[in-house]
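All remarks here apply to the structure that follows.
The values are calculated or read from the model by the stated rules, or taken from the named source; none is laboratory data. All values reported here derive from a predicted model rather than from experimental measurement. We place every Cβ from the backbone using ideal geometry, glycine too, and count neighbours over all the protein chains shown.
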Amino acid sequence: MSEPAKQAEELEALIGTTLAQRYRIDALLGMGGMGAVFRAHHLLLKRDVAVKVLHRELVANEELSRRFDREAQSAARLDHPNVIPVTEFGSTDAGMKYMVMQLLEGEELSNLLVGGPMDQLRAIELEIQILRGLEHAHSKGVIHRDLKPENVFVTRDHEGEEVLKLVDFGIAKIVDEEEVEEGKPLTRMGLVFGTPHYMSPEQATGTAIDQRTDIYSAGVLLYQMLAGRVPFDHDDPVSLIRMQVAVEPPPLPDHVRPALVQVVMRMMAKAKDQRYPDARLARKDLQSIHSALSHEMGIPARFAREDTGIVDPRDIYGPGGVPGSGSMSTASHPSLSGTGSHPSLSGMGSGVNAANDSNPASAITPGSPTMMPIGTGPARQPTAMHPAIQRSLAAIPRKWLYVVGGFIGLLVLIAMWPGGDDDEDSGDGDDGVVVGAGDDGSKAGGDGEEAQPDTKKPGVDPDTMLAIDQALTSKNDDAALDLIRPARDKFPNDPQLLWREGKALALQRAKSSKVTALERYGQALDQNPDLIEDPDFYAELNALLRNSTVQEQAINLALQKLGPSGHKFLLELVNVDDPKKVLDWVDRHRVLTELNSSEESQKLVDWQLNLARDLYQAPKAPKPCIAFRDTLDAISKAEDVYFVEHIFNAKLTPPEFTSGDAEDGEVCGNLEAKLGIVRAQLSVAYPEEAAKYSEGTKKSGGSSKKKKKIFGG
C-alpha cells in the first residue's frame with residue numbers, strides 16, 4: 001500500500017474516536033505532507049474546536065517531536081485579537097502529537113481579493129489589523145515568514161465588524177539532517193520556503209531574516225488590496241523569486257493617494273534597513289492616512305477605538321526589537337465550521353534551513369513551511385489525495401471552513417545569482433514616512449474615491465498632514481509649525497491641525513509654548529470631543545498635563561473639558577504623597593468636587609488623607625472657619641483612628657476670623673470648643689492612641705511641624 005493510502009486510512013480511522021479523553025474527532029478538514037486538521041468537539045466544554053495532528057512517521061522522529069513541542073509552546077504565547085489562538089498541545093497515550101485551536105467562521109482574504117481592488121479605506125483598515133497582529137507576534141519573538149491572503153482570515157465580531165486573524169505562524173523550522181550530513185552546499189544553494197508572490201528578498205536569497213521580513217510581505221498584501229493584483233507574477237517560481245530580489249514593483253493605480261503609495265513602497269523596500277523597522281511604525285502611518293482621508297471626506301467612524309486589540313499608548317510595550325535567539329516561529333492553525341460553499345483546505349509540508357547566521361540574536365534563518373490550500377487557487381500537493389479522503393471531504397458541508405491543516409512545502413532550489421544583474425537595484429531610496437499621531441476618532445466607511453464632491457468636507461490634504469506628522473515624529477517642531485500655520489489660515493478650526501499644533505508646541509522648552517499647547521489640545525476637543533477617545537491624543541495630552549510648569553492650566557483643562565477622561569490625572573493630584581506637590585485648598589477642592597461627580601472616581605479618592613489636609617489648609621480656604629468646622633464634623637462622623645494623630649497635633653489650632661464674611665465670623669468663636677469635643681470623642685474611642693499623641697506632641701514639636709508640612713499646611 002502506498003504511503004498516501006496508509007495516511008488516508010490512519011486519518012479516517014481517527015474519526016469518531018476521542019483524543020486526549022476530551023476531544024471527539026468529528027470530521028477531517030484538511031491534510032498535507034506533515035499532518036492533518038480535524039473538526040473536533042470538546043466533550044467537557046461542549047464546543048467545537050480544530051485539532052491538528054502530526055503524521056505517524058514524523059512523531060517517531062525525536063528531533064521533529066521536540067521541535068513541534070517547542071513551536072506549539074511559542075504559538076500558545078500569542079494572545080491577541082488579530083492572531084488565531086492555540087489553546088492546547090500535547091501527546092496522546094499512543095504518542096500522537098496534537099494541537100488544539102479555535103474554530104472560526106469566515107473567509108480567507110484571498111476571497112475578498114477576487115473582485116479586484118479594494119476601497120482605500122477598507123484596505124487600510126484590514127492592513128492595520130494585519131500589522132497589529134504582527135506587532136504582538138514580534139513582541140513575543142515570533143516571525144510569521146509566510147504572510148499571504150490564504151494565511152489571513154476575515155471573520156466578523158458580534159457587531160458585524162470585520163475582524164482579521166493571522167493564521168499559520170509555521171509548524172517548525174526543520175533542517176533535513178540527511179542532506180546536511182551529505183554535505184549539500186546549503187551556503188551556495190538556497191532552499192527557500194514560503195510563497196514566492198509574497199516572499200521578501202532576504203527569504204528568496206536564503207539570507208538572515210528578522211521582523212522586517214514580515215513587513216515586506218505585509219506590504220505586498222497591501223499592494224494587492226489596492227491594485228487588485230500582486231506586484232510580481234510569473235509562471236516560473238525561480239523567475240518570480242528573482243523579481244522579488246531585483247525588480248522594483250510596478251506603480252500602483254493613479255487613484256491611490258501618494259501618501260499611501262509612499263507607505264507601501266517603504267514596506268516593500270528591497271533593502272531591510274530601508275523598510276519600517278517594526279510593524280508599529282507602519283501601522284501609525286496608515287492610521288494617520290486613514291484619519292486624514294476620513295476627515296477629508298466627512299465619513300462617519302467605522303472602527304472603534306477598542307477594535308481588534310489596538311495597542312494603546314497608555315499600556316504600550318516599546319517598539320519591538322529584533323527577536324532574540326532560539327526557536328522563534330510558532331504554530332497557529334485554525335479551522336472554520338459551517339455550511340455553504342466549498343471548503344479551503346491546507347496541506348502540511350516541511351521546511352529546510354537555508355542558511356545559518358552567526359548572530360542568532362539578530363536574525364533567524366529561513367525555513368518556514370508554506371501553507372498551500374487544497375481545492376482553491378494554485379495549490380501544489382506533494383501527494384495525490386486518496387479516494388477515501390476525497391469521500392470524507394465531500395461529506396463536509398459546503399461552506400467556507402477555513403482550515404490551517406499545516407503546510408505543503410514549496411521547495412525552490414535556487415542556483416547562485418549571476419553577478420552584475422542589469423535589473424538589480426540595491427535599494428529603492430524611499431525616504432518613507434514615520435507618523436507619530438494616530439487617527440482622529442472618526443470611523444471610515446468606503447473609499448473616498450467613490451464619494452460625490454458635494455458630500456466632502458473641505459480639509460487639509462493628506463499629503464500635507466503626512467508631512468506634518470513626519471516632522472513631528474522627527475521632533476522637528478519648527479518644520480511642523482511652518483506647515484501647520486499656513487494650513488490653519490485656511491482651516492482655523494480643524495481639530496487635526498489644532499492637535500498637531502499642540503503637539504509641536506509641546507516639544508518646545510518655553511513655558512509659554514507649553515501653555516499654548518494645552519490651549520490647542522483644548523480647542524481640538526472643542527471641535528471634536530471624540531478625540532479624547534483616540535489613544536494617541538489621550539497619551540500625548542496626559543503627558544503634557546503632568547508637566548509641572550503648566551499645572552494650573554492643566555487643572556483647568558481637565559476640569560473644564562476632559563470630564564471622566566481626566567479623572568485619572570486629577571486623582572493623582574489629590575492623592576499625591578509628595579508634600580511639595582500638594583495642591584492648595586481651592587484647587588484641591590475644585591478637583592474633589594469633579595471627582596465626587598463620578599461614583600467610580602469617588603471611591604478612588606483617599607478621603608482620609610484629604611480630610612487631614614483640610615485640617616491644616618483650612619486657614620487658606622475662602623471661608624476658613626466654616627471649612628474647619630465642616631472638617632471637624634466629617635472627622636467626628638468617621639470616628640476613625642487614622643485622625644487621632646492629626647486631631648491631637650499640638651500645632652493644630654482653629655483659624656482666626658480674617659475672611660470678612662459675617663457667616664464665617666459667627667462660626668469662628670465656637671471652633672476651639674468644637675475641637676475639644678472631637679478630641680474627647682476620639683479619646684474615648686481610641687484611648688491608647690489618644691494618650692500617645694496628646695502626651696507626645698509637647699515633647700516633639702518638631703514632629704508636629706513635620707506632620708503639618710506633610711499634609712500641606
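One table, with the values for the structure above:
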{"item": "Every residue from the range 473-499 that is modelled with pLDDT under 90 and not hydroxyl-bearing (Ser, Thr, Tyr)", "result": "Lys475"}
{"item": "Residues satisfying the stated conditions in the range 44-63, i.e. at pLDDT below 75 and either of a type in the set (Asp, Glu) or within 33 Å of the chain's Cα centre (by Cα) (or both)", "result": "Glu57, Glu62, Glu63"}
{"item": "Qualifying residue in the range 184-206 (condition: of a type in the set (S, T, N, Q), at pLDDT 80 or above and in contact with a His (Cβ under 8 Å, 6 or more places away or on another chain))", "result": "no"}
{"item": "Of residues in the range 1-43 being surrounded by fewer than 19 Cβ atoms within 10 Å (Cβ to Cβ), assigned to a loop (DSSP other than H, G, I, E, B) and at pLDDT below 90, the one nearest to the chain's Cα centre (by Cα)", "result": "Ala20"}
{"item": "Residues of the range 85-106 satisfying the condition of being in a loop (DSSP other than H, G, I, E, B) and modelled with pLDDT of 85 or more", "result": "Gly106"}
{"item": "Criterion: at negative phi, buried (at least 17 other Cβ atoms within 10 Å of the Cβ) and within 30 Å of the chain's Cα centre (by Cα) - qualifying residue of Leu570, Leu583, Leu611", "result": "Leu570"}
{"item": "Output for the range 244-262, where each listed residue is of a type in the set (Gly, Ala, Ser) and either more than 24 Å from Thr213 (Cβ to Cβ) or touching a Gly at 6+ places or on another chain (Cβ under 7 Å) (or both)", "result": "Ala259"}
{"item": "Wholly within the range 539-644, helices (runs of 4 or more DSSP H) carrying at least 1 residues that are in contact with a Phe, Trp or Tyr (Cβ under 6 Å, 6 or more places away or on another chain) and either modelled with pLDDT of 90 or more or closer than 26 Å to Leu671 by Cα (or both)", "result": "607-617, 624-638"}
{"item": "Unique residue being surrounded by 15 or more Cβ atoms within 10 Å (Cβ to Cβ), out of contact with any Asp or Glu (no Cβ under 6 Å at 6 or more places or on another chain) and of a type in the set (A, V, I, L, M, F, W, C) when the list is Leu481, Leu507", "result": "Leu481"}
{"item": "Test result for Gly115, on the phi < 0 side of the Ramachandran plot and in a loop (DSSP other than H, G, I, E, B)", "result": "yes"}
{"item": "Selection status of Leu545, among the hydrophobic types (A, V, I, L, M, F, W, C) and under 19 Å from Gln287 (Cα atoms)", "result": "no"}
{"item": "Criterion: without any contact (Cβ under 8 Å) to a residue 60 or more places away in the chain and more than 19 Å from the chain's Cα centre (by Cα) - qualifying residue of Gly90, Gly116, Gly95", "result": "Gly95"}
{"item": "Single residue of Lys581, Lys561, Lys637, Lys623 found to be under 27 Å from Arg520 (Cβ atoms), out of contact with any Gly (no Cβ under 8 Å at 6 or more places or on another chain) and among the charged types (D, E, K, R)", "result": "Lys581"}
{"item": "Qualifying residue in the range 526-534 (condition: part of a loop (DSSP other than H, G, I, E, B), modelled with pLDDT of 90 or more, within 27 Å of Arg488 (Cα to Cα) and of a type outside the set (A, V, I, L, M))", "result": "yes"}
{"item": "Candidates Glu656, Glu695, Glu672, filtered to the one that is charged (D, E, K, R), modelled with pLDDT of 80 or more and not in a loop (DSSP other than H, G, I, E, B)", "result": "Glu672"}
{"item": "Members of the range 548-567 that are over 18 Å from Pro529 (Cβ atoms) and buried (at least 16 other Cβ atoms within 10 Å of the Cβ)", "result": "Val550, Gln553, Ala554, Ile555"}
{"item": "Helices (runs of 4 or more DSSP H) lying entirely in the range 198-289 (those with 3 or more residues that are surrounded by fewer than 21 Cβ atoms within 10 Å (Cβ to Cβ) and in contact (Cβ under 8 Å) with a residue 24 or more places away in the chain)", "result": "237-246"}
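Condition check ((1) surrounded by fewer than 18 Cβ atoms within 10 Å (Cβ to Cβ); (2) touching a residue at least 12 places away in the same chain (Cβ under 8 Å); (3) not small (Gly, Ala, Ser)) across all residues:
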residue: Asp587; (1), (2), (3): yes, yes, yes
residue: Thr593; (1), (2), (3): yes, no, yes
residue: Glu599; (1), (2), (3): yes, no, yes
residue: Phe648; (1), (2), (3): no, yes, yes
